[in-house]
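Below is one structure, written out as structure tokens, with a few remarks after it.
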Amino acid sequence: MKKLHIKTYGCQMNVYDSARMADLLAPLGYAPSEDAEDADMVILNTCHIREKAAEKVYSELGKLKRLKAEKAGSGGRMVIAVAGCVAQAEGQEIIARQPAVDVVVGPQSYHRLPQMLAEIARGTGHVLETDFPAEEKFDSLPGEQAVSGPAAFLTVQEGCDKFCTFCVVPYTRGAEYSRPVAQILAEARRLAAQGVREITLLGQNVNAYAAEGPDGRDWSLARLLQALAEIGGLSRLRFTTSHPRDMRDDLIAAFRDLPQLMPYLHLPVQAGSDRVLEAMNRKHSAKFYRELVERVRAARPDLALSGDFIVGFPGERDEDFADTLELVRDVGYASAFSFKYSPRPGTPASAAAQQVPEDVKSARLQALQDLLGAQQDAFNAACVGRECDVLFEKPGRKPGQAIGRSPYLQAVHADGAEASIGQIRRVRIVEAKSNSLAGELLDICEAVR
């Protein structure tokens with residue numbers, strides 16, 4: 001067997017894509033390896049959302065170049081591939097900057113990896129593929145998938161038509177595309193048959209999902225969730241990432257009506273200032289976002305909310321940032337991701353006037369993260385003493401311990417739970433730590449649906 005090492009950067013969609021690349025290459029004799037040092041093929045599945053992420057890729061390529069030379073010196077061979085959004089955005093530039101790279105393949109073309117490896121074996125030199133054949137990709141992926149635990153990702157939608165002025169996704173992932181319903185349901189059934197209990201549906205704008213169903217009608221994300229909830233063995237459903245403008249009434253109702261849909265929603269807002277939101281081309285106001293959150297919480301009172309925030313967007317003033325802090329206080333988040341604005345080449349915001357100084361960005365980010373961190377700590381502390389269902393996914397650090405996820409996506413570890421991996425168990429939360437909860441098993445064990 002040849003050894004395959006995949007290093008994944010960025011979002012959950014890249015995690016899904018990396019797993020499918022491994023599935024594609026398994027019939028060619030490639031087995032997964034945790035180490036790049038002895039690998040016959042190394043794939044960097046990259047993210048282009050922030051500048052530092054791209055530079056990390058080039059730094060990693062420098063290390064791989066040395067490993068490749070060492071392997072060649074001992075009579076071996078290492079194929080280096082760059083996949084994902086950096087590959088799509090920079091293409092030939094990657095090979096120009098690092099000639100040790102053999103393959104550059106975009107996120108819509110990785111299904112061609114077997115053919116690309118065949119071209120390299122024929123001595124054709126570097127291979128570059130950055131087209132956007134979205135339908136062909138999903139049609140070409142193997143039906144069999146390697147499953148590593150009771151929770152899995154499933155991509156249902158790709159691309160974005162929103163064109164936020166800070167974002168490269170429309171240029172690296174293409175236009176919005178929704179996979180056919182039958183294809184998704186078939187993949188979900190296969191995962192359930194392999195012991196998967198929880199599926200997270202993925203998309204750049206996952207709640208923009210729209211495809212023709214088996215009944216000939218257009219299915220929304222809510223209708224798709226209803227069908228997935230009927231699959232035996234699937235006890236939990238999640239989805240990410242959502243755009244506020246695509247939160248339709250039927251999707252809000254799904255939080256009320258589907259017990260399998262977990263009470264956790266990732267709903268990025270990015271900023272609390274209407275002036276900044278307009279400059280970002282978000283196409284919604286802070287008031288719209290607040291009212292939307294109220295509607296979802298009315299449907300599911302125990303909902304936990306997560307979000308994304310960008311500070312230091314071009315032209316952001318002190319009063320604009322104060323509006324963001326006010327929105328955070330008003331809404332309340334169980335968790336959130338926050339970043340300093342990072343100019344991405346080719347996006348409108350990168351050429352905007354009034355770029356915010358780096359020290360101002362840093363100070364604002366610290367203030368925002370302090371507030372968000374306090375909210376997360378308060379949310380976790382409020383869970384102490386409560387009971388919840390936990391899907392145990394893997395062993396913990398201590399003997400006999402296991403780690404799983406609460407309905408709110410919190411990491412929960414419990415002693416004596418190792419035999420419960422793959423199961424949903426009732427747990428009493430006894431302690432809130434900085435990044436996890438400690439729980440104790442109860443005797444109640446959820447029956448498999």
Only one of V412, V390, V448 is open to solvent by 20 Å² or more (accessible area, probe 1.4 Å) and either among the β-branched types (V, I, T) or modelled with pLDDT under 95 (or both); which?
V448
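So, of the residues in region 152-161 that are in a loop (DSSP other than H, G, I, E, B) and crowded, with 20+ Cβ neighbours inside 10 Å, which turns out to be modelled with the highest pLDDT? So that I can check it myself, show each step before the final result.
Our first condition is that a residue be in a loop (DSSP other than H, G, I, E, B); within region 152-161, this holds for 156, 159-161.
After this cut, where a residue has to be crowded, with 20+ Cβ neighbours inside 10 Å as well, the list is 156, 159-160.
Numbers: V156: 97, G159: 90, C160: 93.
Among residues in region 152-161 that are in a loop (DSSP other than H, G, I, E, B) and crowded, with 20+ Cβ neighbours inside 10 Å, the one modelled with the highest pLDDT is V156.
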Return only the number of the condition from (1) more than 14 Å from V427 (Cα to Cα); (2) crowded, with 16+ Cβ neighbours inside 10 Å that I403 does not satisfy.
(1)
When the residues of region 48-70 are filtered to those that are open to solvent by 20 Å² or more (accessible area, probe 1.4 Å) and not in a helix (DSSP H, G or I), which remaining residue is farthest from A146 (Cα to Cα)?
R50
What residue, among those in region 1-36 that are open to solvent by less than 30 Å² (accessible area, probe 1.4 Å), polar (S, T, N, Q) and part of a helix (DSSP H, G or I), is nearest to A81 (Cα to Cα)?
S18
So for region 233-242 (the condition being in contact with a Lys or Arg (Cβ under 6 Å, 6 or more places away or on another chain), surrounded by fewer than 19 Cβ atoms within 10 Å (Cβ to Cβ) and farther than 16 Å from S306 by Cβ), does at least one residue qualify?
no
Of the residues in region 326-341, those that are part of a helix (DSSP H, G or I) and either within 16 Å of E278 (Cβ to Cβ) or open to solvent by 30 Å² or more (accessible area, probe 1.4 Å) (or both) come to E326, L327, R329, D330
Residue among A83, A96 that is surrounded by fewer than 21 Cβ atoms within 10 Å (Cβ to Cβ) and within 21 Å of H48 (Cα to Cα):
A96
For region 43-52, the count of residues that are touching an Asp or Glu at 6+ places or on another chain (Cβ under 9 Å) and without any contact (Cβ under 8 Å) to a residue 40 or more places away in the chain equals 1
Of the criteria (1) over 22 Å from the mean Cα position of the chain (by Cα); (2) of a type in the set (D, E, K, R); (3) open to solvent by 40 Å² or more (accessible area, probe 1.4 Å), which one E129 fails
(3)
Can you work out which of the residues in region 256-289 that are of a type in the set (S, T, N, Q) and under 19 Å from Q204 (Cα atoms) is least open to solvent (accessible area, probe 1.4 Å)?
Q270
Between residues in region 213-229 that are assigned to a strand (DSSP E or B) and residues that are surrounded by 18 or more Cβ atoms within 10 Å (Cβ to Cβ), which pairs lie under 6 Å by C-beta distance while being six or more apart or on different chains?
W219/V181; W219/A211
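Could you please let me know if P301 is free of Cβ contacts under 8 Å to residues at least 24 places away in the same chain, surrounded by fewer than 19 Cβ atoms within 10 Å (Cβ to Cβ) and outside any helix (DSSP H, G or I)?
Values: free of Cβ contacts under 8 Å to residues at least 24 places away in the same chain: yes; surrounded by fewer than 19 Cβ atoms within 10 Å (Cβ to Cβ): yes; outside any helix (DSSP H, G or I): yes.
Considered against the rule, which asks whether it is free of Cβ contacts under 8 Å to residues at least 24 places away in the same chain, surrounded by fewer than 19 Cβ atoms within 10 Å (Cβ to Cβ) and outside any helix (DSSP H, G or I), P301 comes out as yes.
Tell me the residue from T324, T240 that is modelled with pLDDT of 95 or more and touching a His at 6+ places or on another chain (Cβ under 7 Å), please. Working first, answer last.
Values: T324 fails: touching a His at 6+ places or on another chain (Cβ under 7 Å).
Within the list T324, T240, the selection yields T240.
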Considering (1) in contact with a helix residue (DSSP H, G or I) (Cβ under 6 Å, 6 or more places away or on another chain); (2) part of a strand (DSSP E or B); (3) not acidic (D, E), say which one T200 fails and leave the rest.
(1)
In region 195-220, residues that are among the basic types (K, R) and in contact with a strand residue (DSSP E or B) (Cβ under 7 Å, 6 or more places away or on another chain) total 1
I'd like the residue in region 342-363 that is modelled with pLDDT of 95 or more and in a loop (DSSP other than H, G, I, E, B) and, out of all such residues, is least open to solvent (accessible area, probe 1.4 Å).
V356
Being at pLDDT 80 or above and out of contact with any helix residue (DSSP H, G or I) (no Cβ under 7 Å at 6 or more places or on another chain) is the filter here; which residues of region 124-151 pass it?
S148, G149, P150, A151
Considering only residues that are open to solvent by less than 20 Å² (accessible area, probe 1.4 Å) and of a type in the set (A, V, I, L, M), which ones fall in region 99-126?
A100, V101, V103, V104, V105, L113, M116, I120
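For G272, indicate whether it is on the phi > 0 side of the Ramachandran plot and modelled with pLDDT of 95 or more.
Numbers: on the phi > 0 side of the Ramachandran plot: no; modelled with pLDDT of 95 or more: yes.
Criteria not met by G272.
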By my count, strands (runs of 3 or more DSSP E) wholly in region 380-449 with at least 3 residues that are touching a residue at least 60 places away in the same chain (Cβ under 8 Å) are 387-395
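The values are calculated or read from the model by the stated rules, or taken from the named source; none is laboratory data. Please read these numbers as outputs of a predicted model, since none were measured by experiment. For neighbour counting, all protein chains shown are included, and Cβ atoms are generated from backbone atoms with ideal geometry for every residue, glycine included. The area values use the complete protein model at the heavy-atom level, side chains included, leaving out ligands, DNA and RNA. Shrake-Rupley method; radii C 1.70, N 1.55, O 1.52, S 1.80 Å.
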